[in-house]
Amino acid sequence: THTHTHQRTMANVFQRVASWLANEVIVKTLSKSPSFQQFALRTHQNVQKVSATSAETVKKMSESEVAAKVARALQPLPLSLALSL
């Protein structure tokens, strides 16, 4: 079992080194690619637009909910409820 544990540890180390090396090569290759840079820029811009639009929508919804609550609060009481006070 000691040999099996040692083999597993070595396999894990090898896997981590291979993963790190592949990641380094992929990142460096993509970072030098004009097509990938354009893709990354467009993606970033689209995410920014969606985020801004979402924030504006949430703000409008919140404002309309507040306005609706204020409008409800300002409505006169129904006559039956007012008479019971």
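The values are calculated or read from the model by the stated rules, or taken from the named source; none is laboratory data. Not measured: the values here are computed from a predicted model. Just so you know, the surface numbers come from the protein's heavy atoms only, side chains and all, with ligands and any DNA or RNA stripped out. Shrake-Rupley method; radii C 1.70, N 1.55, O 1.52, S 1.80 Å.
Consider Val66 carefully, then state whether it is hydrophobic (A, V, I, L, M, F, W, C), open to solvent by less than 100 Å² (accessible area, probe 1.4 Å) and modelled with pLDDT of 85 or more.
When the stated conditions are applied, Val66 does not pass them.
Only one residue in Thr53, Thr29 is more than 25 Å from the chain's Cα centre (by Cα) and open to solvent by 80 Å² or more (accessible area, probe 1.4 Å). Which one?
Thr29 is the lone residue from the list that is more than 25 Å from the chain's Cα centre (by Cα) and open to solvent by 80 Å² or more (accessible area, probe 1.4 Å).
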